[in-house]
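Asks: Provided herewith is a single structure, encoded as structure tokens, for subsequent inquiry.
The values are calculated or read from the model by the stated rules, or taken from the named source; none is laboratory data. Quick caveat: nothing in here was measured; it's all calculated off a predicted structure. When we count neighbours, we look across all protein chains shown, and the Cβ atoms used for this are built from the backbone with ideal geometry, even at glycine.
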Amino acid sequence: MFLSRRTNGLSGSFKKRSTANGSGCRRRKPCIADFQARCPLVEALKSYAGRISAGFHTPGHFQGKAAPPVLRQWWGRAVFAADLTEVPGLDDLHAPSGVIRRAQELAAALAGAKETFFLTNGSTAGVLAMFLAALGPGERVILPRAVHRSVVAALVLSGAAPVFLPVRHLADFGIPLPPPAAAYTAALARYPDARALFALYPDYYGVAVDLRAVATTAHSRGLPLLVDAAHGVLFGRHPALPPGAIACGADAAVESVHKRAGALTQAAWLHLGSGRLSPPRVQQALQFVMTSSPSYLLLASLDAARRQLALSGERLCRRLLSLAAEARRALRRFEAVAVLAAAGEGYSLDPTRLVLNFGAAGLSGYEAARLLRRHGVVAEMADFANVVLLLSPGHGKQEIKALTRAVEAVLAQHPVARAGRGAGGARLFFPAPPPLRLSPREAWLAPAESVPLEAAVGRVSAAVVAPAPPGIPVLVPGEEVTEEVANYLEKLKEKGVPVHGMEEGVDRPALRVVG
């Protein structure tokens, strides 16, 4: 069974009870379905909420009695009854020894991890903790350039020195591909003093590198492999999906459970797959980057989502894969829409994620997403070339039909491509990584000033500048503002795309640069 070393305390009492529950397990012999059927934190919350009579502790709404009426009428009392704090019997997230510890052990068992930590500040908190636990000031980490902005924050906080890998693009879609193992090997030859490798699995577009090969490269040098698997929480839950990050050899990996697995927004896991990162040090790092008053609603949703994945994950993913295949078949009849189907040798795709390119209809991803919204279809994200749609276990045939009708309506309005607007220009959509002149930490801490965008060219950025979503930085603190980057940011502004880190000047957008 996929039980972590910390599950032994659970299994003793577990083995004593009968396991005849219709799951196919023999009576008196435990199986993984029985083990994972419990929700220790949810059960404890329900028990406490049902017996409390005079709680003199936070939160101040006192189980909804003092909650804003508009929310109490909408949400009901049950939500507020479960919104509790660290009281006897409900454990402490930052020093778990009771029901939270048992809930985390169950999540570790599901992932095949040695240890799992619940995160209430999203996968971002897990990324920060990984870097703080694994790297110190000036120590090199080898990583992709197209990372989430949380990684840049981790570089600033830890003081680690980034070695960004060369960016390759999938030409027809303009998508930056995650670097393969060979790129890490080449970087290690140049920087043999590197202390860690970092990888995406998969990226925002659902492109997954051969993570086992990257893990082999890291472990051949005795280095830890840290993985942002925020979008890979369903991986390993069905044979048609890529394996999970921990199964591939990741030493630490974050998964955003809220993205695809039913937990509430901000709820995530940080798994440790080996002993290369010290669990106590990771726990201490999490105390730095997470609130000291974690939401028990989020924690309970992690406990319940784990149970659902354990007991019904394969069935839910089978249905999801079937819907995704149906959507691809329906979209295939539109010649003006390209659907990402492969990313090349050494890569696999998350088949439950749809990446649509409307270039043949003369539409950018931003334009297509805006038009789809007019027909009731809201995409996860868009870029200059593509629209990305996430299918979830909650979708059904009705949503697939709505998507197909919306695409058909958009194409009816834009049947002919306009010159220069097709997918062939995709390689121009995301600028080349600019030169790194200072470390991210040095640039962040340096004196800075705001200057108009055109005056920033040739200066060093003091901020993370990233369109949201997906949050991939166009500029990292310490990078030079090139003409290409400035032009790209200007185009984003023209399209009305929100760009975090770009300030509103009096007449023109402005950037913070090192003074």
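Asks: Just for the range 38-55: of the residues that are at pLDDT 85 or above and of a type in the set (D, E, K, R), which one is farthest from Ala103 (Cα to Cα)?
Replies: In this case the residue turns out to be Lys46.
Asks: Those residues that are assigned to a loop (DSSP other than H, G, I, E, B) and surrounded by 19 or more Cβ atoms within 10 Å (Cβ to Cβ), I need them from the range 456-476; list them, please.
Replies: Initial filter on the range 456-476 (assigned to a loop (DSSP other than H, G, I, E, B)): 457-459, 462-464, 468-474, 476.
Across the range 456-476, the qualifying residues are Ala462, Ala463, Val464, Ile472, Pro473, Val474, Val476.
Asks: Here's something else I'd like to know. Would you pick out the residues in the range 55-112 that are within 19 Å of Ala268 (Cα to Cα), assigned to a helix (DSSP H, G or I) and not small (Gly, Ala, Ser)?
Replies: Val99, Ile100, Arg101, Arg102, Gln104, Glu105, Leu106, Leu110
Asks: Shifting gears a bit: For the range 56-109, enumerate the residues that are surrounded by 15 or more Cβ atoms within 10 Å (Cβ to Cβ), among the polar types (S, T, N, Q) and either modelled with pLDDT under 95 or more than 16 Å from Glu43 (Cα to Cα) (or both).
Replies: Within the range 56-109, just Gln63 meets the criteria.
Asks: While we're here: Can you pull out every residue in the range 377-409 that is over 14 Å from Tyr204 (Cα atoms), of a type in the set (S, T, N, Q) and out of contact with any Lys or Arg (no Cβ under 8 Å at 6 or more places or on another chain)?
Replies: Residues satisfying the conditions are Gln398, Thr404.
Residue-by-condition table, conditions (1) buried (at least 17 other Cβ atoms within 10 Å of the Cβ); (2) over 29 Å from His238 (Cβ atoms); (3) outside the structural domain of Ala245 (by TED's automatic domain parsing):
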{"position": "Ala263", "(1), (2), (3)": "yes, no, no"}
{"position": "Val289", "(1), (2), (3)": "yes, yes, no"}
{"position": "Arg307", "(1), (2), (3)": "yes, no, no"}
{"position": "Leu321", "(1), (2), (3)": "yes, no, yes"}
{"position": "Arg332", "(1), (2), (3)": "no, no, yes"}
{"position": "Glu345", "(1), (2), (3)": "no, no, yes"}
{"position": "Ala360", "(1), (2), (3)": "yes, yes, yes"}
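Asks: Now for a separate question. Restricted to the range 441-455, and to residues that are farther than 14 Å from Gly515 by Cα and of a type outside the set (Lys, Arg), which residue is surrounded by the most Cβ atoms within 10 Å (Cβ to Cβ)? Step through it out loud before you land on a result.
Replies: Within the range 441-455, the first condition is being farther than 14 Å from Gly515 by Cα, and the residues that meet it are 441, 453-454.
Subsequent filtering for residues that are of a type outside the set (Lys, Arg) retains 453-454.
Numbers: Leu453: 20, Glu454: 14.
This residue is Leu453.
Asks: Continuing with the same structure: Could you identify the single residue in Phe35, Phe131 that is in a helix (DSSP H, G or I), within 28 Å of the chain's Cα centre (by Cα) and at pLDDT below 95?
Replies: Just one listed residue meets the conditions, Phe35.
Asks: Further question on the same structure: Sort out which residues of the range 334-343 are part of a loop (DSSP other than H, G, I, E, B), surrounded by 12 or more Cβ atoms within 10 Å (Cβ to Cβ) and either touching a strand residue (DSSP E or B) at 6+ places or on another chain (Cβ under 8 Å) or of a type in the set (Ser, Thr, Tyr) (or both), and write them in order of number.
Replies: Once the filter is applied, which keeps residues that are part of a loop (DSSP other than H, G, I, E, B), surrounded by 12 or more Cβ atoms within 10 Å (Cβ to Cβ) and either touching a strand residue (DSSP E or B) at 6+ places or on another chain (Cβ under 8 Å) or of a type in the set (Ser, Thr, Tyr) (or both), the range 334-343 yields Val337, Leu340, Ala343.
Asks: Of the residues in the range 232-260, how many are under 13 Å from the mean Cα position of the chain (by Cα) and buried (at least 24 other Cβ atoms within 10 Å of the Cβ)?
Replies: Qualifying residue count, the range 232-260: 11.
Asks: Moving to a separate point now. Taking only the range 469-512 into account, find how many residues are in contact with a Gly (Cβ under 9 Å, 6 or more places away or on another chain) and of a type in the set (A, V, I, L, M). Let's see the steps before the verdict.
Replies: Initially, the range 469-512 is screened for residues in contact with a Gly (Cβ under 9 Å, 6 or more places away or on another chain), giving 473-475, 480-483, 500, 511-512.
Next cut, of a type in the set (A, V, I, L, M) only: 474-475, 481, 511.
The total comes to 4.
Asks: Going through Gly244, Gly222 one at a time, which residue ends up being in a loop (DSSP other than H, G, I, E, B), touching a Gly at 6+ places or on another chain (Cβ under 6 Å) and modelled with pLDDT of 95 or more? Outline the logic, then answer.
Replies: Values: Gly222 fails: touching a Gly at 6+ places or on another chain (Cβ under 6 Å).
So the residue among Gly244, Gly222 that is in a loop (DSSP other than H, G, I, E, B), touching a Gly at 6+ places or on another chain (Cβ under 6 Å) and modelled with pLDDT of 95 or more is Gly244.
Asks: Further, regarding this structure: Mind checking which residues of the range 366-391 are over 20 Å from Val474 (Cβ atoms) and in a loop (DSSP other than H, G, I, E, B)?
Replies: Result: His375, Gly376, Val377, Val378, Ala379, Leu391.
Asks: Taking the range 252-272, which residues are within 13 Å of Asp228 (Cβ to Cβ) and of a type outside the set (Phe, Trp, Tyr)?
Replies: Ala252, Ala253, Val254, Glu255, Ser256, Lys259, Ala268, Leu270, His271
Asks: If Ala382 satisfies all but one of (1) surrounded by 19 or more Cβ atoms within 10 Å (Cβ to Cβ); (2) modelled with pLDDT of 95 or more, what's the number of the condition it fails?
Replies: (2)
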